[in-house]
Amino acid sequence: MGRMNETSVSAMEIDDDKSQVSDQINPKFSINVLQLLKSAQMQHGLRHGDYTRYRRYCTARLRRLYKSLKFTHGRAKYTKRAITESTVTEVRFLHLVLYTAERAWSHAMEKRQLPDGPNARQRIYLIGRLRKAVKWATLFAQLSAIKGDSRTSLEAEAYANYMKGNFLFEQDQNWDTALSHFRNARAVYEELGKYGDLDNQVLCRERVEELEPSIRYCLHKVGESKIQTSELLDISNMEGPGLDLFRAKLEAVMAEARSQQAAAMMEFCWLGHTFPISNAKTRVSILKAQELEKDLYGSAADSLPAEKRLGIFDKIFAVYHEARSGIRKDLDSAGNAETVKDNLNGLDKAVSAILVQRTIERNQLLVSIAKSKFNKHRDDRGEKITKPEELVRLFDLLIQNTTDLSDLVSSGRDRKPEEVAFAEEYAIKGLAFRAERCFYLAKSYSLAGKRVEAYALYCHARTLADNALQKLQFVADSDRVEKFLLDKLDLYESAVGNSNMKEVPRIEAFPPAFQPAPRNPIVLDIAFNMIEFPSLENRMKKDKKGFISRLWR
């Protein structure tokens, strides 16, 4: 018995020695896949969504790897050299397979981000590049399972599942299989996020968050989730290259829904005017602009960073310009139909006014950003300080914008009261912009040592600001006049207040105000007391007094 134990122990020692020798002969390679890819993506274009730049980086990286490994495919005649288990003698061969998958994936995403979206031919090419990315990602996972350590093998398996999920996601089919791949990838990254250094844990958690929207969308398509499209839109506000395919898919869904809404949108209302819209593309563009404006002025707009708000403004400008180009084409083809031309000109005026209004709001945002940097101390490092001249230039633009908007709104014959109030509001804003421009111009003169000029400009700025305040106060007092039901019988508006709130009914003012009432004219004879009339006693009849009358005296 003891002899058998000694034999078994010695056999185990021999097996251990063999495994150690095997590990020395065939060492396990280690790659931190997620960290490697994240660093490459952020440094070479994907920080700003530039897939073309990242694809070119992958191509250049592959060329260097092929050359350094002396694994080229020939110069005169192309001879394909397959990468197998026996080929992988060092870790750079695994890098070769990984970056080939990344190049195919980035090429597909580049086609996905075309301005008008991929057409049928480009979509076939896009699907082919994703299929190629899946092929190389699967090969990377197979080779890593043999040649890599346990962590590398797990990360490679998660990467392959991620690519397979993206491929099925883009194909709009096999949603349950795509869901399974995304869940497998998420499970691996959740597990890896519990170990390693802090940077690695953060990267794994970010990848889990990037996978979550795709999983929820797959659940939505499978029918296992009751999530609405509006909730998916909220999810799409997250950042990360892993969400770009999800956002593109969601944008395609929203474009389809927008087209359905556009079919029911037959007119556009602006400052009391109503303009019919016959062009379907114009309707879609206006609807898209209105959706972007909801993001810009919604409840969550205050939490948006300034850079993202500027990006939304740029998208709004692009969409409204598309709408204007559609209107101009309709005007060219309208011919002599005066009614159609009048409606199209009115619609063009409305869209142009909204464009100028959004431009003013964007420039005001730039002013707020510049002011935040203007008030910083000079010893702050790493950030450029705003000069007064830059704010003067921005206020020059705002003054020009308000002038253009006032001229545009004031043009035309049939002006509504809303247009008049709108023009007056922006005239006051223009006066306020002039006051601020004068103030920062005075700052500029003061910094240059010209105190007299600065003092004069400060005084003028105060005068302009006082004028703007007086006009604002006048408008506020006019708006504060309360209207009652009897004053607006032609309007369908509640005057008894909200049933859920204790509001005073606004039917009629009580006590009623004094009103003039018609009556007979009053004649005041003020000359009567100044006239001296002649005595008439000599002409008066004298009474005859008898004995009886004297008794009663």
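The values are calculated or read from the model by the stated rules, or taken from the named source; none is laboratory data. Keep in mind the model is a prediction, meaning the values are calculated, not measured. Neighbour counts are summed over all protein chains in view; Cβ atoms, including those assigned to glycine, are modelled from backbone coordinates with ideal geometry. Please note that ligands, DNA and RNA were not included when accessible areas were found on the heavy atoms of the full protein model with its side chains. Shrake-Rupley method; radii C 1.70, N 1.55, O 1.52, S 1.80 Å.
Before moving on, here are some points about what is shown:
- Matching residues in segment 76-128 - criterion: being within 21 Å of PHE167 (Cβ to Cβ) and of a type in the set (Asp, Glu): GLU102, GLU110
- Residue in segment 179-188 that is surrounded by 21 or more Cβ atoms within 10 Å (Cβ to Cβ), touching a Gly at 6+ places or on another chain (Cβ under 9 Å) and over 28 Å from THR84 (Cβ atoms) present: yes
- Segment 134-164, residues that are among the polar types (S, T, N, Q), open to solvent by less than 40 Å² (accessible area, probe 1.4 Å) and over 37 Å from the mean Cα position of the chain (by Cα): THR138, SER144, THR152, SER153
- Some residue of segment 417-429 being open to solvent by 60 Å² or more (accessible area, probe 1.4 Å), more than 19 Å from LEU469 (Cβ to Cβ) and in contact (Cβ under 8 Å) with a residue 24 or more places away in the chain: yes
- Screening ILE215 on (1) under 22 Å from ASP172 (Cα atoms); (2) open to solvent by less than 20 Å² (accessible area, probe 1.4 Å); (3) at pLDDT below 85 shows it passes everything except condition (3).
- Test for LYS67: is it loosely packed, with under 14 Cβ neighbours inside 10 Å, of a type in the set (D, E, K, R), modelled with pLDDT of 50 or more and within 29 Å of VAL88 (Cα to Cα): yes
- Summed over segment 294-316, the residues that are closer than 24 Å to LYS371 by Cα, modelled with pLDDT of 80 or more and open to solvent by less than 80 Å² (accessible area, probe 1.4 Å) give a count of 10.
- Residues in segment 405-416 that are open to solvent by 70 Å² or more (accessible area, probe 1.4 Å) and either part of a helix (DSSP H, G or I) or under 30 Å from PRO388 (Cα atoms) (or both): ASP407 only.
- Verdict on ALA435 being open to solvent by less than 60 Å² (accessible area, probe 1.4 Å), within 25 Å of PHE275 (Cβ to Cβ), part of a helix (DSSP H, G or I) and touching a helix residue (DSSP H, G or I) at 6+ places or on another chain (Cβ under 9 Å): no
- Members of segment 165-178 that are in a helix (DSSP H, G or I) and either open to solvent by 10 Å² or more (accessible area, probe 1.4 Å) or more than 25 Å from ALA120 (Cα to Cα) (or both): PHE167, LEU168, GLN171, TRP175, ASP176, THR177
- So ARG103, is it more than 26 Å from VAL202 (Cα to Cα) and either of a type outside the set (D, E, K, R) or not in a loop (DSSP other than H, G, I, E, B) (or both): no
- Whichever residue in segment 34-48 is out of contact with any Phe, Trp or Tyr (no Cβ under 9 Å at 6 or more places or on another chain) and within 26 Å of VAL188 (Cα to Cα) and, among such residues, is most open to solvent (accessible area, probe 1.4 Å): ARG47
- When LYS38, LYS111, LYS132 are checked against the criterion of being in contact (Cβ under 8 Å) with a residue 12 or more places away in the chain, under 30 Å from LYS281 (Cα atoms) and basic (Lys, Arg), a single residue qualifies: LYS111.
- From ALA448, ALA468, residue being under 22 Å from ASN401 (Cβ atoms) and either at pLDDT below 90 or aliphatic (A, V, I, L, M) (or both): ALA468
- When we screen GLY128, GLY117 for residues that are outside any helix (DSSP H, G or I), out of contact with any Ser or Thr (no Cβ under 8 Å at 6 or more places or on another chain), surrounded by 12 or more Cβ atoms within 10 Å (Cβ to Cβ) and not aliphatic (A, V, I, L, M), the only hit is GLY117.
Listed here are the residues, each with its yes/no results for (1) touching a Lys or Arg at 6+ places or on another chain (Cβ under 9 Å); (2) at pLDDT 90 or above; (3) in a helix (DSSP H, G or I).
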{"position": "VAL319", "(1), (2), (3)": "yes, no, yes"}
{"position": "VAL340", "(1), (2), (3)": "no, no, yes"}
{"position": "ILE354", "(1), (2), (3)": "no, yes, yes"}
{"position": "ARG358", "(1), (2), (3)": "no, yes, yes"}
{"position": "LEU365", "(1), (2), (3)": "yes, yes, yes"}
{"position": "GLU383", "(1), (2), (3)": "yes, no, no"}
{"position": "LEU391", "(1), (2), (3)": "yes, yes, yes"}
{"position": "LEU397", "(1), (2), (3)": "no, yes, yes"}
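- Scope segment 49-59; condition open to solvent by less than 30 Å² (accessible area, probe 1.4 Å) and either within 16 Å of ALA137 (Cα to Cα) or without any contact (Cβ under 8 Å) to a residue 60 or more places away in the chain (or both); matching residues: TYR54, CYS58
- Output for segment 387-404, where each listed residue is among the charged types (D, E, K, R) and either open to solvent by less than 20 Å² (accessible area, probe 1.4 Å) or within 30 Å of TYR455 (Cα to Cα) (or both): LYS387, GLU389, GLU390, ARG393, ASP396
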